[in-house]
1. Report yes if Arg295 is assigned to a loop (DSSP other than H, G, I, E, B) and more than 22 Å from Glu242 (Cβ to Cβ), otherwise no.
2. Confirm whether Met276 is surrounded by 15 or more Cβ atoms within 10 Å (Cβ to Cβ), touching a Phe, Trp or Tyr at 6+ places or on another chain (Cβ under 9 Å) and either of a type in the set (Phe, Trp, Tyr) or at pLDDT below 95 (or both).
3. Does Leu320 satisfy being open to solvent by less than 20 Å² (accessible area, probe 1.4 Å) and in contact with a Gly (Cβ under 7 Å, 6 or more places away or on another chain)?
4. Does the range 164-183 contain at least one residue that is assigned to a helix (DSSP H, G or I) and under 21 Å from the mean Cα position of the chain (by Cα)?
5. Name the single residue, out of those in the range 236-245 being in contact (Cβ under 8 Å) with a residue 40 or more places away in the chain and open to solvent by less than 60 Å² (accessible area, probe 1.4 Å), that is nearest to Asp209 (Cα to Cα).
6. Regarding the range 184-200, can at least one residue be identified that is without any contact (Cβ under 8 Å) to a residue 12 or more places away in the chain and within 13 Å of His230 (Cβ to Cβ)?
7. Return the only residue of Asp130, Asp162, Asp137 being at pLDDT 95 or above, under 20 Å from Ile217 (Cα atoms) and either surrounded by fewer than 24 Cβ atoms within 10 Å (Cβ to Cβ) or of a type outside the set (Lys, Arg) (or both).
8. Cβ-Cβ distance below 6 Å, separation of 6 or more or different chains: which pairs start in the range 9-34 with a residue that is among the acidic types (Asp, Glu) and end on one that is modelled with pLDDT of 90 or more and surrounded by fewer than 18 Cβ atoms within 10 Å (Cβ to Cβ)?
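The values are calculated or read from the model by the stated rules, or taken from the named source; none is laboratory data. Only a predicted model underlies this, so the values are computations on that prediction, with no experimental measurement involved. Heads up, the Cβs are rebuilt from the backbone with ideal geometry, glycines too, and the neighbour counts pull from every protein chain shown. Protein only, heavy atoms only, side chains kept; ligands, DNA and RNA dropped before computing areas. Shrake-Rupley method; radii C 1.70, N 1.55, O 1.52, S 1.80 Å.
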Amino acid sequence: MPVESRFQSGLAPKYGPRRISVAPMMDWTDRHCRVFHRQITRHTWLYTEMVTTGALLYGDVGRHLNFNEEEHPVALQLGGSEPVDLAKSAKLGEQWGYDEINLNCGCPSERVQKGAFGACLMAEPTLVADCVKAMRDAVSIDVTVKHRIGIDDVESYDFVRDFVGKIAEAGSKTFIVHARNAVLKGLSPKENREIPPLKYDYAYRLKRDFPELEILINGGIKTVAEIDEHLKHVDGVMLGREAYHNPFLMAGFDARYYAELDGGVQANRSEVIEAMMAYASAQLALHGDGGKGLRLNSITRHMLGLMAGMPGARAFRQTLSDSKRLALGDPALLMEALSHTQLVTLE
């Protein structure tokens, strides 16, 4: 049984629109990270790390797809370029209980390119359309696409407009637009997140040209003011690294962006810590295996930014990064970290 989220009330909440979401990020948005984020925001959509079709069809399916019930709404992002394999993988995702299947057409890393998927797929819209159609035929949940606005030196708006139009014909109605080009040769994945200029107006134009489609915008968004401005032009905003490094930014999202669902619930850092301590205790009891299995650091590493901007934030991070203390596997370390933050008087 999963540990109850502090938001659970016995009735499954209605899933709201993808007004706000947290991007799939390799090595970061694993199941422990998503449970942590879910303690801060109930309705923000969460995405898995990218999972390749090969990992699902030839590997340990449970290791890649297991998640906690409190993570809903949660989407599975797939990496692949073979329609048959993607259809099988999407079906597995639906059977496992995911609420959406997302196809990665935006990752620029050379490792992903060698697998002939990610951003390089934008050069083959017919293939992507075939992939989307195969997945749509295999599942009843939404099949969405995350992509860039161009690749290498192809910077014309017409390129991304035609790409979206082609894929929409195959049945996808939701597009997550990382509003930068992907430079496939010469830039690292980190540089690809920073160097190509942001062109938010391309996403805005997509919404104007395809009003029937759901258009989400992604890339370089850090503040509530920026989110509010984007929502004047598109249907949703996807946060990336800001949500990871400054997760408490999301504390007011339910009240601000999903108030129609339950009136909005304001998160509290102390309650988040308490919920995660209970979660860590349960996970270690199930999977700790005497120190040979799950390690406490696998959970706490995602929480280092919880106190960003608060008095005692540095001591909080140092406590949760103490390798000797982490090796003991005692979730009470979270409460010790909290004790350094003066939250008793601040919240």
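1. Details: assigned to a loop (DSSP other than H, G, I, E, B): yes; more than 22 Å from Glu242 (Cβ to Cβ): yes.
So Arg295 passes the test.
2. Working: surrounded by 15 or more Cβ atoms within 10 Å (Cβ to Cβ): yes; touching a Phe, Trp or Tyr at 6+ places or on another chain (Cβ under 9 Å): yes; either of a type in the set (Phe, Trp, Tyr) or at pLDDT below 95 (or both): no.
Answer is no for this residue.
3. Details: open to solvent by less than 20 Å² (accessible area, probe 1.4 Å): yes; in contact with a Gly (Cβ under 7 Å, 6 or more places away or on another chain): no.
Criteria not met by Leu320.
4. Scanning the range 164-183 turns up no residue that is assigned to a helix (DSSP H, G or I) and under 21 Å from the mean Cα position of the chain (by Cα).
5. Filtering the range 236-245 for residues that are in contact (Cβ under 8 Å) with a residue 40 or more places away in the chain and open to solvent by less than 60 Å² (accessible area, probe 1.4 Å), the one nearest to Asp209 (Cα to Cα) comes out as Gly236.
6. So far as the range 184-200 goes, no, none of its residues is without any contact (Cβ under 8 Å) to a residue 12 or more places away in the chain and within 13 Å of His230 (Cβ to Cβ).
7. It is Asp162.
8. Close Cβ pairs (under 6 Å, with a partner that is modelled with pLDDT of 90 or more and surrounded by fewer than 18 Cβ atoms within 10 Å (Cβ to Cβ)) do not exist here.
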